[in-house]
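Let me begin by presenting the structure, written as structure tokens, before commenting on it.
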Amino acid sequence: MSSLPSPFCDLTTELAHLPGIGPRSAERIALYMVQADPAAMRRLAETIVAARERIHPCQTCGALTEQQPCAICGDSRRDATRICVVEQPVDILALEKAHSFTGRYHVLGGVISPLNGVEPEDLRIENLRPRLETEPVTELILALSTSVEGDATSHYLCRRFARPGLRITRIAYGLPAGSGLEFADEITLARALEGRREL
Ligand SMILES: [Zn+2]
């Protein structure tokens with residue numbers, strides 16, 4: 001790499017930090033970029049900066065949004081009695097594509113995993129409490145992955161928020177253990193929601 005221009009090496013290093021891009025792919029993309037139309041590359045760079053600066057987590061649910069609250073939290077036609085708890089913003093996209101949930105969401109930002117240093121206070125768990133107090137929620141649907149951490153987090157949430165008048169359910173998966181929502185197809189997700197069980 002030392003014989004290559006340093007801006008090329010810098011670009012490769014930055015690209016390799018992106019998810020799903022290994023050193024070889026990073027090199028290929030960097031090679032393409034340094035030979036592409038400069039105007040197109042400027043547009044790409046500006047689009048990245050604009051997206052990063054304009055998109056933030058919804059202060060209510062944690063979904064990625066340009067406005068506060070997000071389009072789902074701000075939509076009065078959505079069923080305010082149900083909150084579906086998910087790990088990541090991408091899970092909302094998966095569930096919305098399945099068209100079988102009309103309630104609102106709450107993004108935790110991950111699952112409890114002491115081995116990886118993720119404790120309950122590192123997640124958006126306490127942000128759920130004010131919602132349960134101010135919104136007319138009667139059902140909390142836990143749509144977390146089927147991993148050991150997903151199970152532990154579901155039980156933690158159940159203990160933390162159990163109260164009379166609040167159903168806490170967990171979606172049924174037709175998926176191999178350990179897999180997350182984003183890998184499920186729409187039909188599987190729709191069935192998983194229908195087949196949710198009381199915790
Ligand atoms: Zn929101």
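The values are calculated or read from the model by the stated rules, or taken from the named source; none is laboratory data. Nothing here was measured: the structure is a model prediction, and the numbers come from that model. Glycine also receives a Cβ, built like all others from the backbone with ideal geometry; neighbour counts cover every protein chain displayed.
For beta carbons closer than 9 Å, sequence separation of 6+ or different chains, a first residue in the stretch 102-129 that is away from the ligand (no atom under 16 Å from the Cβ) and a second that is of a type in the set (A, V, I, L, M) and part of a strand (DSSP E or B), the qualifying pairs are Gly110/Val118; Val111/Val118; Ile112/Val118. Going by the structure shown, is Ala63 touching a strand residue (DSSP E or B) at 6+ places or on another chain (Cβ under 8 Å) and on the phi < 0 side of the Ramachandran plot? Criteria met by Ala63.
Looking across Glu96, Glu87, Glu149, one residue alone is within 16 Å of the ligand (Cβ to nearest atom), at pLDDT below 95 and acidic (Asp, Glu). It is Glu96. Close contacts from the stretch 131-150, counting a first residue that is in contact (Cβ under 8 Å) with a residue 40 or more places away in the chain and under 20 Å from Leu189 (Cα atoms) and a second that is among the acidic types (Asp, Glu) and crowded, with 21+ Cβ neighbours inside 10 Å, with Cβ to Cβ under 8 Å and a gap of 6+ residues or different chains, come to Ala143/Asp91; Leu144/Glu87; Ser145/Glu87; Gly150/Glu87.
When you check Ala26 against the structure, is it part of a loop (DSSP other than H, G, I, E, B), farther than 30 Å from Arg131 by Cα and more than 24 Å from the chain's Cα centre (by Cα), yes or no?
Working: part of a loop (DSSP other than H, G, I, E, B): no; farther than 30 Å from Arg131 by Cα: yes; more than 24 Å from the chain's Cα centre (by Cα): yes.
It is false that Ala26 is part of a loop (DSSP other than H, G, I, E, B), farther than 30 Å from Arg131 by Cα and more than 24 Å from the chain's Cα centre (by Cα).
Take the conditions within 16 Å of the ligand (Cβ to nearest atom) and basic (Lys, Arg) and apply them to Arg24. Does it pass? Considered against the rule, which asks whether it is within 16 Å of the ligand (Cβ to nearest atom) and basic (Lys, Arg), Arg24 comes out as no.
Looking only at residues in the stretch 73-85 that are among the β-branched types (Val, Ile, Thr) and in contact with a strand residue (DSSP E or B) (Cβ under 6 Å, 6 or more places away or on another chain), the one that is nearest to Asp122 (Cα to Cα) is Val85.
When the stretch 47-72 is filtered for residues that are surrounded by 13 or more Cβ atoms within 10 Å (Cβ to Cβ) and more than 8 Å from the ligand (Cβ to nearest atom), the ones remaining, listed by number, are His56, Pro57, Leu64. A residue that is touching a residue at least 24 places away in the same chain (Cβ under 8 Å), within 12 Å of the chain's Cα centre (by Cα) and more than 23 Å from Pro164 (Cα to Cα) cannot be found anywhere in the stretch 65-86.
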